[in-house]
1. Among the residues of segment 124-145, are any modelled with pLDDT of 95 or more, touching a His at 6+ places or on another chain (Cβ under 6 Å) and over 24 Å from Asp254 (Cα atoms)?
2. Take segment 4-21 and flag every residue that is in contact with a Lys or Arg (Cβ under 6 Å, 6 or more places away or on another chain) and buried (at least 20 other Cβ atoms within 10 Å of the Cβ).
3. Yes or no: segment 102-116 includes at least one residue that is over 26 Å from Ala171 (Cα atoms), at pLDDT 95 or above and surrounded by 14 or more Cβ atoms within 10 Å (Cβ to Cβ).
4. Would you list the helices (runs of 4 or more DSSP H) that sit entirely within segment 116-193 and hold 3 or more residues that are among the hydrophobic types (A, V, I, L, M, F, W, C)?
5. Regarding Pro87, is this residue of a type outside the set (A, V, I, L, M, F, W, C) and either assigned by TED's automatic domain parsing to the domain that holds Ala167 or buried (at least 21 other Cβ atoms within 10 Å of the Cβ) (or both)?
6. Select, from Ala192, Ala182, the only residue that is touching a Pro at 6+ places or on another chain (Cβ under 7 Å) and farther than 25 Å from Pro272 by Cβ.
Amino acid sequence: MTPGQFRPVRLPMYDWPEVAEETRELEEALTDEICSVLSIASTRLDPWDPGVGLYDLWTDPALLLGQTCGYPLTHELAGKVHLLGAPNYKAPGCNGSRYCSQIVVAENSPFHALADLKGVRAVFNSPDSQSGMNALRDTIAPIAGGGGFFQSVSESGGHLASMDAVADGRADVAAIDAVCWALAQQEKPSLAKRLRVLAQTAQAPSLPFVTSVQLGGRAHEEVCAAVSRVLSNPQTKKSRKRLRICGFSKLVQDDYKIILEMETNARRWGYPVLT
């Protein structure tokens, strides 16, 4: 990275192939607006390596704007990125800047209550996921009895993979980000129809927008205002509608304390690990 260069906006968290065009359009609109308010010439933008890892992307000192998950924000990324806020999503289980996870099972499964999941096979997307791991652990902890609850727990690598595993019978239950579930119903209806929602988890702030800590306080405020404008601009309405985005809320780190509280409460129930 050359001094004085910047990385363009990258939004990797819901970047499914089906909505890749809309994601690129929104990334470009955000990059243009942020560069305008910060007086950054396009020649100072250094493209991302296509294979860049998420943690390298989030912690890049030249990052203009990225999106992460609330669990990394409160853990591995604490103090390493600057929180701006979070998009508001239009999807069942979302309310303003808050979202939840939909606990899904196969459409023809015999499960009708959380207690019915005792001894079944669970799958989750990633151990650092609020929606797939932490929210599910928080939901199961009060009924786990201080011990193991599931027959097995496996990692899929992504919410789509978790949904496929449950639909195909390789797993019995998964907690799916409410936005991902809405996107599945919208973009992959044949998959969604093979699943049904058994329960919802508690809500937490939705996936945060972050920027480099090195930009500085005044620049952080200007970037936040730029994001808010783009996510309410009629010119981005079409792409935002496809991505289920209906606004933006400025948030602070304390808003995400609920994620740490979920983790702490699970430990108090004697259920520190999803098992």
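1. Yes, segment 124-145 contains a residue that is modelled with pLDDT of 95 or more, touching a His at 6+ places or on another chain (Cβ under 6 Å) and over 24 Å from Asp254 (Cα atoms).
2. Across segment 4-21, the qualifying residue is only Phe6.
3. No.
4. Details: elements: 135-140, 159-167, 178-187, 189-192.
Per the criteria, 135-140, 159-167, 178-187.
5. yes
6. Ala182
The values are calculated or read from the model by the stated rules, or taken from the named source; none is laboratory data. These numbers were taken from a predicted model, which means no experiment stands behind them. Don't worry about glycine lacking a Cβ; one is built from the backbone with ideal geometry, like all the others, and counts go over all protein chains shown.
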